Amino acid sequence: MKKTTIAMAVAGAMFAAGSAFAEGVTVDGYAAVNWLLTNEADETQEGQFSVPETEVNFDTEHLFVAIAGSDEDDFFIRQAFLKYGITEGWDLKAGLFDSNLTADYATATDREFVQHSLLFSLLDSVGGASLKGVAVSGQLGMATVTLGYGNDSSVTPGGATDGENSMMLMVNASPMEGLDLELGVLTQDEDGAGVGNIIDINGTYMINNFTVGLDYMSGSENETVFENGYSLWAGYDFGNGFGVKARFENASADGQDDTEATELYASYALNDNLAVAVSLHNLDNGTTDADTNTIQLVGTF
């Protein structure tokens, strides 16, 4: 049999198997396109276009895989975990998954603003934005509780390479209409430059079309890396797909100037799968005070 015939036969078998498998697969994703109008930190980037985020998600009854990338980075597996329903209302997942600590999210479709919050950026810089291990979640009274256990999430020396482990606790509750609260705790190795245990408390309150949000996070050990920080924001939904928001943030570390950030944001949903946003962002770390103004398009499927 010729090699081309063999290849076609193998491809046909794989396609048939894939088609049968795909019947139980939900596929979705998004891409974000940025037009950087102003960047005082690097004026050579002004006027440039980029595709900073692209993600495709594959979801089945027992498996979730998120593949992400950008115009500058290769695609990589951002999340990949197995799922299993232990009992009614309680689920287990194992693999690589978002910790969901802080009020901010990794993906542009879930974030409240164009720019990541200071707290999420700090969390990500010390390895706490994701966890590689297992987690159990379910309803406990009026709260949803998640317990996670996995590899030490610290990216600092003495962290994931020395057999340490991280534990995570997440508690979500809505004690009254319009009020959502979250408590998150993530243990981390405190060796090297590690921040040790991270504690985050955040919440939002929505009344009519007005929403306010507050996020507070602390690092309990190495305060020269990160001591504490907060994010305060408010937004108003005018309806018909148009909304505006404003955010102020502050983060501090022992012996260093505080870092402050503000962002003014306006968005408009062109249709169910395409939205445009304008972001006016300022970052001041005591040494550099720079504006970054961006127009962002986000498309989903």
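The values are calculated or read from the model by the stated rules, or taken from the named source; none is laboratory data. Since we're looking at a predicted model, the values are computed, not measured. Methodologically, a virtual Cβ is constructed for each residue, glycine included, from the backbone with ideal geometry; neighbour enumeration extends over all protein chains shown.
Structural remarks
- Subset of segment 226-277 (residues that are closer than 19 Å to residue 297 by Cα, among the charged types (D, E, K, R) and not in a loop (DSSP other than H, G, I, E, B)): 237, 245, 263
- Scanning segment 123-140 for residues that are at pLDDT below 95, part of a helix (DSSP H, G or I) and out of contact with any strand residue (DSSP E or B) (no Cβ under 9 Å at 6 or more places or on another chain) turns up at least one hit.
- Condition check for residue 116: at pLDDT 95 or above and within 16 Å of the chain's Cα centre (by Cα): yes
- Options 235, 299, 243; residue that is touching a Lys or Arg at 6+ places or on another chain (Cβ under 7 Å) and not charged (D, E, K, R): 235
- Residue in segment 158-168 that is surrounded by fewer than 18 Cβ atoms within 10 Å (Cβ to Cβ) and either of a type in the set (Lys, Arg) or assigned to a loop (DSSP other than H, G, I, E, B) (or both) present: yes
To keep it simple, each residue is scored yes or no on (1) farther than 15 Å from residue 263 by Cβ; (2) crowded, with 23+ Cβ neighbours inside 10 Å; (3) in contact with a Phe, Trp or Tyr (Cβ under 9 Å, 6 or more places away or on another chain).
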site: 85; (1), (2), (3): yes, no, no
site: 96; (1), (2), (3): yes, no, yes
site: 104; (1), (2), (3): no, yes, yes
site: 110; (1), (2), (3): yes, no, no
site: 126; (1), (2), (3): yes, yes, yes
site: 134; (1), (2), (3): yes, no, yes
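- Candidates 283, 186, 232, 214, filtered to the one that is buried (at least 18 other Cβ atoms within 10 Å of the Cβ) and closer than 30 Å to residue 166 by Cα: 186
- Residue match in segment 61-75 (condition: free of Cβ contacts under 8 Å to residues at least 60 places away in the same chain, surrounded by fewer than 15 Cβ atoms within 10 Å (Cβ to Cβ) and touching a Phe, Trp or Tyr at 6+ places or on another chain (Cβ under 8 Å)): yes
- For segment 261-301, a tally of residues being over 22 Å from the mean Cα position of the chain (by Cα) and hydroxyl-bearing (Ser, Thr, Tyr) returns 2.
- Enumeration of residues in segment 253-277 that are farther than 26 Å from residue 123 by Cβ and touching a Ser or Thr at 6+ places or on another chain (Cβ under 9 Å): 266, 272, 273, 274, 276
- Leading residue by the ranking (surrounded by the most Cβ atoms within 10 Å (Cβ to Cβ)) among those in segment 199-211 that are of a type outside the set (Val, Ile, Thr) and part of a strand (DSSP E or B): 200
- Given (1) assigned to a strand (DSSP E or B); (2) among the polar types (S, T, N, Q); (3) under 30 Å from residue 206 (Cα atoms), index of the condition residue 109 fails: (1)
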